[in-house]
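Asks: Structure incoming, see below.
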Amino acid sequence: IGIKLAQKCKVKHVWHFREMQDIGLNLRPYSGWSRWYKLAGESDAVICISHTIANHYNKVRNPFVIYDAVSDQKSLLYENDKEDYFLFCGSIIPSKGVETAIDAFSLFNKVRKGYKLIIAGEVNVMPSYYEDLRRRISHLELIREVEFLGFRKDVSHLMFKAQALLMCSFNEGLGRVT
């Protein structure tokens, strides 16, 4: 819609690709990929947030790569006083690999007790998936060790205090955790 509106209004249009829609989110353009690529080619500029995204959409001509969510040096801190938890942050959807994080933590927990898996992310995106995860946690006997925090604005603080950050997405263009 954006490209057609820009053309009608005779203004410049910039398309910003942030995700691999097909393999990252299991989405398809309503009008099909051929039409989608044609429309993208009519845009005045295409920005991709990483070379991975640009390479994925290899039929788009001359995309610009501008990295997303890059922090300035002042906000890059190292915290020596870590807490005993691993952090998964992101949308609570299957393509982000939440169950992979839970399963890996379950294996870790069998050999090293005293740690938690903290999951920060919106849980209401797919309520049935969230309930499946809760059942998985119960089945693995991890109810006390796995904590869902929901959406958080203090993710940076959580990251600084974590022992490790978990990136379990199956296909990620440039995750903010990374």
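The values are calculated or read from the model by the stated rules, or taken from the named source; none is laboratory data. This one's a predicted model, so the numbers in the text were calculated from it and none came from an experiment. A quick note on method: Cβ atoms are made from the backbone with ideal geometry, for glycine too, and the neighbour counts reach across all protein chains shown. Ligands, DNA and RNA are excluded from the accessible area calculation, which covers all protein heavy atoms including side chains. Shrake-Rupley method; radii C 1.70, N 1.55, O 1.52, S 1.80 Å.
Asks: For the chain, what does the accessible surface come to per residue with a 1.4 Å probe? Please give it in Å².
Replies: 64
Asks: Counting only protein heavy atoms, what percent of the accessible surface of the chain is carbon or sulfur at a 1.4 Å probe?
Replies: 53
Asks: Given the chain, what count of lysine pairs have C-alpha atoms under 17 Å apart, with each pair 8 or more places apart or on different chains?
Replies: Number of lysine pairs found: 10.
Asks: State, to one decimal in nm, how far the label point of Leu107 lies from the label point of Lys59, with both points 7 Å from Cα in the Cβ direction.
Replies: 3.8
Asks: Computed FRET efficiency, Cβ-Cβ of Met167 and Trp33, R0 25 Å: what is it to the nearest 0.05?
Replies: With R0 = 25 Å, the Cβ-Cβ based efficiency is 0.35.
Asks: Still on this model: Calculated from the structure, Cα Rg over 2.2 N^0.38 Å equals which of [x] 1.03; [y] 1.24; [z] 0.94?
Replies: Only one option fits the structure, namely [y].
Asks: What is the distance, in nm, between label points placed 7 Å from the Cα along the Cα-to-Cβ direction at Asn124 and at Arg152?
Replies: Result: 2.0 nm between the two label points.
Asks: Moving on. Ranked highest first by the average count of other Cβ atoms within 10 Å around their residues, in what order do 83-91, 159-167, 33-41 fall?
Replies: 83-91, 159-167, 33-41
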